[in-house]
Amino acid sequence: MRGRIVLAIVVAAPLMVTGTAVGSTAADAVGCDGIDRIDVPGAVQQKQACLDDLTTAGTTTSGHTNQSDWSGLHASGTENPTGVPGVQVDGYFPDESTGNTNNGWAHDSQFVIRLPEEWNGKVVITGAPGVRRQYANDYIISDWVLAQGYAFASTDKGNTGVTFYEDGARPGDAVAEWHHRVTQLTRATKRVARQYYGDRPHRTYMTGISNGGYLTRWALEKHPELYDGGVDWEGTLFTADGPNLFTYLPAALRNYPNYRATGDEDAHQAMIDAGFEPGSEFLWDYHYAYYWDLTQRVYREEFDPDYDGALQAGIPFCQPGTPNCDADYDYASRPESVHDAVGRVSNTGDIGKPMITLHGTLDALLPIRTDSDVYRDMVRRSGEARQHRYYVVEDGTHVDGLYDEYPDRLRPILPCYREAFDAMVSWVEDRDRPARSGTIPNADVEDPVNECALPSPGSGRGRVPHS
């Protein structure tokens, strides 16, 4: 199983989707009246297809998704809806980077827009997690929201793959482009919905996992006028002075090899002090091999390329004391320009619309104490706690695919995410305020892959103080 998991924050496999243009539609597709009216504003390439099934059950066979984009993000046994007919629009916006090869295009800033025949008048916008591509959310988000009648749109964020840091002219530019691309897609999708359905969306929601969760936070902080609410699933936290990736990943790279080899208690304590949760130790070996080293090097290269001189993204798995080694990286001592580059893309907590955050207690890539616990406090300091709920999923980790290997130790977050999304919509549309922030316990759940109950109103139980 380990060889099959694809990293949520880092990896995007270089496979290709074969697209289908207008006229090469699914043989039995029905409806799609108005497909000829679709013209995505600002796109330099686009193609439309009328499909019998917009969910992954259909698009994996019709060539309108790429399974490598979403591999590893869900647990086996996840139940997804199927049989949602409608229109898929694939395309890209003007861009100079070329990492995304989906649809046979060597071009980033690719997007997908899906328009179900039975539309509920609402739109869901997402950005890809990690440096994956535009189909990354197809299985965990698109299938489910399409079946409820939402139109769906996702962007690759404007740069993809483990050399995403090559995009842009100055440190931080590649991440800053993510902001532009999700805003651009949001505005374009609203126009496309009006073209196709003859009416503008009356609700627009932003959501995402990992870096997509970061973009959800950013969107509701910076452009609340475009959205009605959102769900942030373990968003990556960027702050200029920490905590951030660079304040805890080097500690993991310095200390984990010694702890693994000798069981050294000082090394173990250094890991805990850096933010890693006691009880997550069984996940550390996997994360050291597949996440921590690569994530530290490629994101450090994005914000601090001068650290390793002419090298690009450092030296893989180097040991402390090696010149230019990321295990020795000390973010606090780096020049002000580095902190400014991170600050340019940092979160503020000043959300302008209702948002629900979910995070697992055993997240070993974005430890909860250095991420969503901190973001909760940022929201409070901004004075927007009334618009925020924070649900901690006991034994949840960064990607649900790891549940398949550790079903007795982990709990998938996806079913809790779906409950949180419905709760957010009820909050926005019915003024039905959700339960106060609290912990979702991993107990008495018959089917944890597909079932979850949010804290009951007024419970506020667990590690999270009340909102």
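The values are calculated or read from the model by the stated rules, or taken from the named source; none is laboratory data. Here the structure is a predicted model, which means the values were calculated and not measured. Quick reminder, even Gly has a Cβ in these numbers, built from the backbone with ideal geometry, and neighbours come from all protein chains shown.
Do the conditions hold for A176, that is, is it under 30 Å from A327 (Cα atoms), at pLDDT 95 or above and not in a loop (DSSP other than H, G, I, E, B)? For A176, the condition - under 30 Å from A327 (Cα atoms), at pLDDT 95 or above and not in a loop (DSSP other than H, G, I, E, B) - is met. In region 51-62 there is at least one residue that is among the charged types (D, E, K, R) and modelled with pLDDT of 95 or more.
Annotation: of all residues in region 85-113 being of a type in the set (A, V, I, L, M, F, W, C) and buried (at least 23 other Cβ atoms within 10 Å of the Cβ), the one that is farthest from V192 (Cα to Cα) is F93. Hey, does region 24-40 have a residue that's buried (at least 23 other Cβ atoms within 10 Å of the Cβ), at pLDDT 95 or above and not assigned by TED's automatic domain parsing to the domain that holds Y288? Within region 24-40, one or more residues are buried (at least 23 other Cβ atoms within 10 Å of the Cβ), at pLDDT 95 or above and not assigned by TED's automatic domain parsing to the domain that holds Y288. Just a yes or no: is a residue in region 254-270 among the aliphatic types (A, V, I, L, M) and in contact (Cβ under 8 Å) with a residue 40 or more places away in the chain? Within region 254-270 (the criterion being among the aliphatic types (A, V, I, L, M) and in contact (Cβ under 8 Å) with a residue 40 or more places away in the chain), the answer is no, since none of the residues qualifies. Checked against the criterion of being over 17 Å from D363 (Cβ atoms) and either surrounded by 16 or more Cβ atoms within 10 Å (Cβ to Cβ) or modelled with pLDDT of 95 or more (or both), the candidates P407, P441 yield just one match: P407. Quickly run through region 85-101 and pick out the residues that are within 17 Å of R181 (Cα to Cα) and either of a type outside the set (G, A, S) or assigned to a loop (DSSP other than H, G, I, E, B) (or both). Scanning region 85-101 gives V89, D90, Y92, F93, P94, D95, E96, S97, T98, G99, N100. Hey, does region 129-149 have a residue that's assigned to a loop (DSSP other than H, G, I, E, B), in contact with a Lys or Arg (Cβ under 7 Å, 6 or more places away or on another chain) and of a type outside the set (D, E)? Looking through region 129-149, none of the residues is assigned to a loop (DSSP other than H, G, I, E, B), in contact with a Lys or Arg (Cβ under 7 Å, 6 or more places away or on another chain) and of a type outside the set (D, E).
Somewhere in region 85-100, is a residue of a type in the set (A, V, I, L, M), farther than 29 Å from L311 by Cβ and outside the structural domain of E302 (by TED's automatic domain parsing)? Yes, region 85-100 has at least one match.
Scanning region 191-223 for residues that are assigned to a helix (DSSP H, G or I) and surrounded by fewer than 19 Cβ atoms within 10 Å (Cβ to Cβ) gives R191, R194, Q195, Y197, K222. When L283 is tested against (1) farther than 23 Å from K157 by Cβ; (2) surrounded by fewer than 20 Cβ atoms within 10 Å (Cβ to Cβ); (3) within 21 Å of the chain's Cα centre (by Cα), exactly one condition is not met: (2).
As a summary of the residue check, A169 satisfies the conditions (1) assigned to a loop (DSSP other than H, G, I, E, B); (2) on the phi < 0 side of the Ramachandran plot; (3) touching a Ser or Thr at 6+ places or on another chain (Cβ under 9 Å); (4) among the small types (G, A, S) except for the one numbered (3). Can you confirm whether region 294-308 contains a residue that is assigned to a helix (DSSP H, G or I), closer than 19 Å to V162 by Cβ and of a type in the set (K, R)? The answer is yes, given that some residue of region 294-308 is assigned to a helix (DSSP H, G or I), closer than 19 Å to V162 by Cβ and of a type in the set (K, R). Among the criteria (1) more than 20 Å from the chain's Cα centre (by Cα); (2) touching a residue at least 60 places away in the same chain (Cβ under 8 Å), the one Q387 does not fulfil is (2). If the condition is being assigned to a helix (DSSP H, G or I), under 28 Å from S337 (Cα atoms) and either of a type in the set (F, W, Y) or in contact with a Ser or Thr (Cβ under 8 Å, 6 or more places away or on another chain) (or both), then region 233-289 contributes L245, F246, T247, Y248, L249, A274. Scanning region 64-81 for residues that are surrounded by 15 or more Cβ atoms within 10 Å (Cβ to Cβ) and either assigned to a loop (DSSP other than H, G, I, E, B) or of a type in the set (S, T, N, Q) (or both) yields H64, T65, N66, Q67, S68, S71, G72, L73, H74, A75, T78, N80.
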